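To start, the structure itself, in structure tokens.
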Amino acid sequence: MTILSVVQSATTVLGMNVPDTVYGNQSREMVEMRAHVARVSDLIVDEFDWQRLTRIGSVIGDGVQTDFNLPIDFLRFQKDSQLVSQSRPYCAFTHIPDANAWLKAITDQIWTLTPIWTLMGGKIVFQEPLAAGEIVRFTYVCNEVVQPAGPDPLRSGFEADDDSYVLPERLLELGLIWNWKSAKSQPYAKELNDYELALARAVGIDRGERIISVGKGVRIDVPTAYPWVLG
């Protein structure tokens with residue numbers, strides 16, 4: 001289903017003229033609709049850590065460098081993302097998100113049991129240089145939500161009528177409907193409820209089966225190893 005089909009379906013529900021084109025169409029309604037498409041797409045991405053958008057990033061130390069660029073398609077870290085060193089797999093890095101706390105840590109040379117890091121200037125910054133050859137991995141949400149019709153790679157925004165959405169297109173359609181009505185000061189409670197119900201279903205599907213496993217593994221997010229049950 002293309003973005004043109006999504007918009008055509010939404011405009012039918014909204015009682016609008018059904019467009020033949022969206023991108024390249026300079027009518028006021030379609031200019032507004034393109035803005036809503038971008039807004040709703042961002043909203044859907046932010047609702048959940050979608051597995052379709054999950055990537056594994058990594059940085060490699062050289063013994064000197066303390067700051068590293070984020071992946072080019074980086075949007076945000078997953079909500080429970082950790083930095084884990086390949087050479088120290090059971091020692092997750094401690095994130096210090098507050099800039100003042102970070103400044104105090106590096107000024108006072110506070111040493112903790114685990115290495116510390118922060119985000120600053122659009123980069124991952126460590127308190128100490130990573131060892132030469134040390135690989136630190138992390139999971140993140142990428143910004144590549146659009147699949148072009150041709151062989152072009154995924155991209156972050158819609159540019160053509162035959163582009164497709166990599167997340168559930170039904171969510172995009174329902175989001176467009178309630179967003180449009182909200183912007184036009186029309187009642188939209190039912191439409192928002194429809195969107196939220198569809199979102200809950202999509203999140204449930206995206207999570208996959210909830211499998212209970214019993215074994216004698218080692219949990220990497222706690223310092224103590226013990227037989228564990230996950231559900």
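The values are calculated or read from the model by the stated rules, or taken from the named source; none is laboratory data. Just so it is clear, the model here is predicted, and its values are computed rather than measured. Neighbour counts are summed over all protein chains in view; Cβ atoms, including those assigned to glycine, are modelled from backbone coordinates with ideal geometry.
Which count do you get for residues in region 157-198 that are of a type in the set (S, T, N, Q), farther than 18 Å from GLN147 by Cβ and either surrounded by 19 or more Cβ atoms within 10 Å (Cβ to Cβ) or touching a helix residue (DSSP H, G or I) at 6+ places or on another chain (Cβ under 9 Å) (or both)?
Matching residues across region 157-198 total 4.
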Restricting region 45-70 to residues that are assigned to a loop (DSSP other than H, G, I, E, B) and either within 30 Å of ARG201 (Cβ to Cβ) or acidic (Asp, Glu) (or both), the residue that is farthest from the chain's Cα centre (by Cα): ASP62
Number of the exception - LEU4 against (1) at pLDDT below 95; (2) in a helix (DSSP H, G or I): (1)
Flag for ARG34 being modelled with pLDDT of 90 or more, assigned to a helix (DSSP H, G or I), closer than 30 Å to GLU191 by Cβ and not polar (S, T, N, Q): yes
